[in-house]
1. Sum up the charges of everything whose Cβ sits under 10 Å from the Cβ of GLN35, counting Lys and Arg as +1 and Asp and Glu as -1, but leave GLN35 out.
2. Given the chain, what whole percent of its Cα pairs are spread farther than 21 Å?
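Laboratory data are not the source of any read-out in this text; all were calculated from the coordinates shown. The structure displayed is predicted, hence computed values, not measured ones. Cβ placement follows ideal geometry from the backbone for every residue including glycine, while neighbour counts extend to all protein chains displayed.
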Amino acid sequence: MSEPARDLDLSPIRGAVVPRANVYFDGRCVSHTVQLDNGSRKSVGVILPGSSLLFQTAAPEVMQGAGGWCEWRMQGSHDWQRSAEGESFSVPGDSSFEIRTGEQAYHYVCHFG
């Protein structure tokens with residue numbers, strides 16, 4: 001189930017953006033990794049309109065909507081959940097989830113760990 005998102009903190013951060021993009025699913029999902037000085041890692045990305053993708057996770061993730069909306073479900077679930085800008089959903093480590101977009105792109109921040 002979607003939950004209220006962590007506030008998008010747009011204040012300056014201490015860290016580095018990896019300049020080379022992470023490109024998945026033939027370019028349907030593109031993100032950049034942000035490595036923070038405190039050791040945490042995030043990615044900031046977009047899933048293009050009309051996409052239906054299956055992601056595998058190693059570490060737990062929180063997907064935070066920054067624009068648009070998506071529908072998602074954990075592997076094995078039949079029920080799709082909707083998550084929009086300002087909402088987030090959690091994904092356990094060592095699992096997988098499906099995500100799909102409608103006619104607009106879904107912009108997100110992925111918090112790892």
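1. Residues near GLN35 contribute +1 overall.
2. 32 percent
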